[in-house]
Amino acid sequence: MLKAMAKDAGFLKHKRITNHSVRKLLVQKLRNANIPATETMAITGHKNVQSITNYSNISVEQQQK
């Protein structure tokens, strides 16, 4: 199903799209948008903060703040 959705969305064929990669990207985007960890967890279904911390790479801009 995800493969069909990626194709319909126009993702490049050589990019590997998985549930995990989409979930990680979502966590990173939410973090970059300064969404609180508790809200991010509610959206992504994570059970603890450590699991989203492992996914998220804080941008240089956020580190400077």
Worksheet item: So which residues in region 21-50 are at pLDDT below 85 and either of a type in the set (G, A, S) or over 22 Å from L2 (Cβ atoms) (or both)?
Response: S21
Practice prompt. Look at region 1-22 and say how many of its residues are polar (S, T, N, Q) and touching a residue at least 12 places away in the same chain (Cβ under 8 Å).
Written response: 2
Fill in: Residue, modelled with the lowest pLDDT, within region 51-65, restricted to residues that are among the aliphatic types (A, V, I, L, M) and open to solvent by 40 Å² or more (accessible area, probe 1.4 Å)
V60
Item to complete: Can you run down the residue pairs with Cβ atoms below 8 Å, 6 or more apart or on separate chains, where the first is in region 23-50 and acidic (D, E) and the partner is open to solvent by 50 Å² or more (accessible area, probe 1.4 Å)?
Response: none
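The values are calculated or read from the model by the stated rules, or taken from the named source; none is laboratory data. The structure presented is a predicted model; accordingly, all values stated were derived computationally and were not measured. Cβ: placed from backbone, ideal geometry, glycine included. Neighbour counts: every protein chain shown. Please note that ligands, DNA and RNA were not included when accessible areas were found on the heavy atoms of the full protein model with its side chains. Shrake-Rupley method; radii C 1.70, N 1.55, O 1.52, S 1.80 Å.
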